[in-house]
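Reviewing the structure listed below.
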Amino acid sequence: MKTYIRYKLVPKNWGMTFEFFSGYGFYTGNLSKSYTNNIPIGVAFDICYKNFELYLRDYIGFNKTKKDIDYSLGTWEKGSNTMVFLPEASLGYVTYNDNRFKVSPFAGIGLMDISPPSNDTKDTPELKEVSLKFTATYIVGINFDIKFGPKRTPVNNPKTSYGFIRIRYAYNIPEFDKKFDGMSGNMHYITIGYGGMSRGLKREY
């Protein structure tokens, strides 16, 4: 009589993802009176360990001024192009995960900067006076991943490497110096990204 020993495969502890994203960012408080809402582009790289995920992201948004702002040589006029930079690192924890969906709340810290484009400050260095320079920015939010592809691998093992669409919401709290009237406020953003997850399998028994 033959005895068959079945074995079980489980996800490895470590994994990684990449993501390209765009979306919409909008300000609160007096920042919303100084700048239009922004359209970002960005990239992200995640390092995963079990249910913990470290998100490393670079958010670059494009918007305009909503009012004139004076500086030493003149006025930064309403309707001028502006850019927001937000590199960030946040730590998430997977609270729900199946073969179609994953949910991960997170919190972290970044550096936010709202400034004229570099070409403008190169031509007029004094425009740097109106920049809201990189400052500590606290971040909380949630990721919702929609996985695509087959639900399981051909040998019926759990799906651990896959493509995904990620919807991400974050609330950002920058600590800008109040050097100009009306520069206090925070920023919400919602992004939609396309990416891929890579995590191998190991034999449990």
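The numbers here are math on the coordinates, done by the rules we state, and not lab data. Please read all numbers here as calculations on a predicted model, not as lab measurements. No Cβ is skipped: glycine too gets one built from the backbone with ideal geometry, and neighbour counts run over all protein chains shown.
Points worth noting:
- Gained length - I165 relative to N51, 0.36 nm times residue gap less alpha-carbon distance: 39.2 nm
- Taking the range 12-203 and dividing mean pair separation by its residue count, relative contact order in percent (alpha carbons under 8 Å, at least six apart): 23
- Long-range HN-HN contacts of G163 with modeled amide H, under 5 Å: F148, M197
- Debye-sum result for the range 72-136 in log10 I(q)/I(0), which assumes one identical scatterer on each alpha carbon, at q = 0.15 Å⁻¹: -0.62
- Selection of chymotrypsin sites (Phe, Trp or Tyr not before Pro), the range 1-78, meeting DSSP coil and at most 15 other Cβ within 10 Å: Y4, Y7
- Restricting the trypsin sites (Lys or Arg not before Pro) of the range 1-84 to loop positions (DSSP other than H, G, I, E, B) with no more than 11 neighbouring Cβ atoms within 10 Å leaves K2, R6, K8.
- Contour excess over end-to-end distance, with Cα ends at V103 and S118 and 0.36 nm allotted per residue: 1.7 nm
- Residue-span extension gain [E129 to E175] - 0.36 nm each, minus C-alpha spacing: 14.8 nm
- Computed over the range 36-128: relative contact order in percent, which uses C-alpha pairs under 8 Å that are six or more apart: 24
- Residues with amide H under 5 Å from that of K66, placed H, sequence gap 5 or more: Y35, T36, G79
- Choice from L111, L73, L86 showing the highest fluctuation, given a GNM over the chain with Cα pairs closer than 10 Å: L73
- Square roots of 5 times each gyration tensor eigenvalue, C-alpha, the chain, largest first, Å: 45, 14, 13
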